[in-house]
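Since the structure comes first, as structure tokens, the remarks are kept for the end.
The values are calculated or read from the model by the stated rules, or taken from the named source; none is laboratory data. All values derive from a computational prediction rather than experimental measurement. Here Cβ is always computed from backbone atoms with ideal geometry, including for glycine, and neighbour counts include all displayed protein chains. These accessible areas exclude ligands, DNA and RNA; they are computed on the full protein's heavy atoms, side chains included. Shrake-Rupley method; radii C 1.70, N 1.55, O 1.52, S 1.80 Å.
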Amino acid sequence: MTTPEPQPSSPQPSEPVSKDRAYRSPAGIAGGVLVLALALWLGIDALVAGDGRTPWAAAAALLFLVPLVAAYTVRPAVYANDDRMRVRNPFRVIVLPWAQVESFRSGYSNEVFTEGGDKYQLWSIPVSLRGRKKAARREDRRVAGQGGQRRGLFGGGGGGFGAGGAGGLEDGPVRAETDKVMDELRDLLEARKAAETSQGEVTVRWAYEILVPVLVGAAGLAVLLATG
């Protein structure tokens, strides 16, 4: 489940004055931390207690795996404010002023499309098919509860069911958590797309702090395997 986290930002002349909302995946972060802890435990043990080529292999494996796991689990985030959204994916950071965003689409993944036709996946807002099915079941119960309430009010025979169901009714259609997040982003896009402060160009920065150690670790493992 993805939850919004308010992120304060100090007003600067070159920065947006509105606060960022951060959207991340707590489940992804928790899973990544566990995998990283296991990898570090095994890798450090091999570095300390291993002999021969084992410490070198462990060092290369750690250099390859640790940033790679962190990139796909702990790193992803989406930050949004009144002027732009910033998408931090495993290997790139994409800054999209609202004027450059064309639409959002949700299928098996959540994606943002730019006016120029580019597509970027929102890694930190994963689609949960299980969550959608659960929300659909809750929506069915909500609709059934509304029907029962109307029968209780006007039909005369269902007063007990209507009164009991009214307390648990939702104000609107039940949505999965990540679908609610996408609705928030769509509302923000609609409200801010034409704003003067939302103009600008899309910028993309590669995360070399992730790519370089991953490539070095992969090269080290390849050399060790080839010469082993």
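Calculate, for segment 31-132, the solvent-accessible area per residue in square angstrom, rolling a 1.4 angstrom probe over the heavy atoms of the protein chains.
Details: 5000 Å² over 102 residues.
The answer is 49 Å² per residue.
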**Request:** Give me the Debye-computed log₁₀ of I(q)/I(0) at q = 0.20, 0.23 Å⁻¹ for segment 69-136, equal point scatterers on Cα only, no solvent, two decimals.
**Result:** -0.85, -1.02
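Among 78-91, 110-123, 195-208, what's the highest-first ranking by average C-beta atoms within 10 angstrom per residue? Display every interim value, and only then the final one.
Working: 78-91: 20.7, 110-123: 16.6, 195-208: 13.3.
Packing order, densest peptide first, comes out as 78-91, 110-123, 195-208.
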